[in-house]
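Trainee: Below is one structure. I have some questions about it.
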Amino acid sequence: MALQWITWIQSFNTPFLDVFFELITMLGETYFYIVVLGFFYWCISKEGVKDLVMVLTLSSVVNAVLKEWVNTPRPYLVENIRALRTETANGSSF
């Protein structure tokens with residue numbers, strides 16, 4: 001079912017959507033978190049960053065544990081799915 005959904009979504013691919021979804025994917029990368037944490041630290045609240053770091057750390061740990069537990073291969077490794085950012089796609093998928 002999930003692969004059919006991914007194939008259906010990819011049938012609408014355009015250069016704009018490729019860039020849009022690549023940017024969405026980048027929201028989960030380390031560089032994004034560093035920029036966001038730096039912004040919050042210097043511009044919003046130095047104390048609030050501690051809570052944000054705790055939430056991000058907990059989220060990362062839960063994500064890693066769930067990925068190991070579910071251990072579903074990435075769709076582009078199984079089917080004819082087009083992947084844009086394979087260099088950052090390590091580990092298993094949900």
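Trainee: Examine region 6-16 for a residue that is surrounded by 13 or more Cβ atoms within 10 Å (Cβ to Cβ) and free of Cβ contacts under 8 Å to residues at least 24 places away in the same chain, and state whether such a residue exists.
Mentor: No, region 6-16 contains no residue that is surrounded by 13 or more Cβ atoms within 10 Å (Cβ to Cβ) and free of Cβ contacts under 8 Å to residues at least 24 places away in the same chain.
Trainee: Sticking with this structure for a sec: So for region 32-42 (the condition being of a type in the set (A, V, I, L, M), more than 16 Å from the chain's Cα centre (by Cα), at pLDDT 90 or above and surrounded by 10 or more Cβ atoms within 10 Å (Cβ to Cβ)), does at least one residue qualify?
Mentor: Looking through region 32-42, at least one residue is of a type in the set (A, V, I, L, M), more than 16 Å from the chain's Cα centre (by Cα), at pLDDT 90 or above and surrounded by 10 or more Cβ atoms within 10 Å (Cβ to Cβ).
Trainee: Tell me, please, whether a residue that is in a helix (DSSP H, G or I), at pLDDT below 90, loosely packed, with under 11 Cβ neighbours inside 10 Å and among the β-branched types (Val, Ile, Thr) can be found in region 43-63.
Mentor: Within region 43-63 (the criterion being in a helix (DSSP H, G or I), at pLDDT below 90, loosely packed, with under 11 Cβ neighbours inside 10 Å and among the β-branched types (Val, Ile, Thr)), the answer is no, since none of the residues qualifies.
Trainee: Surrounded by 12 or more Cβ atoms within 10 Å (Cβ to Cβ) and assigned to a helix (DSSP H, G or I), is that true of residue 25?
Mentor: yes
Trainee: If residue 91 satisfies every condition in (1) at pLDDT 90 or above; (2) small (Gly, Ala, Ser); (3) in a loop (DSSP other than H, G, I, E, B) but one, which is the exception?
Mentor: Result: residue 91 fails condition (1) only.
Trainee: Take the residues of region 10-22 that are part of a helix (DSSP H, G or I) and over 17 Å from the mean Cα position of the chain (by Cα): which is nearest to residue 82 (Cα to Cα)?
Mentor: Residue satisfying both the conditions and the ranking: 10.
The values are calculated or read from the model by the stated rules, or taken from the named source; none is laboratory data. What you see is a predicted model, and the numbers here were worked out from it, not measured in a lab. Because the Cβ atoms are built from the backbone with ideal geometry, glycine has one as well, and the counts that use them run over all protein chains shown.
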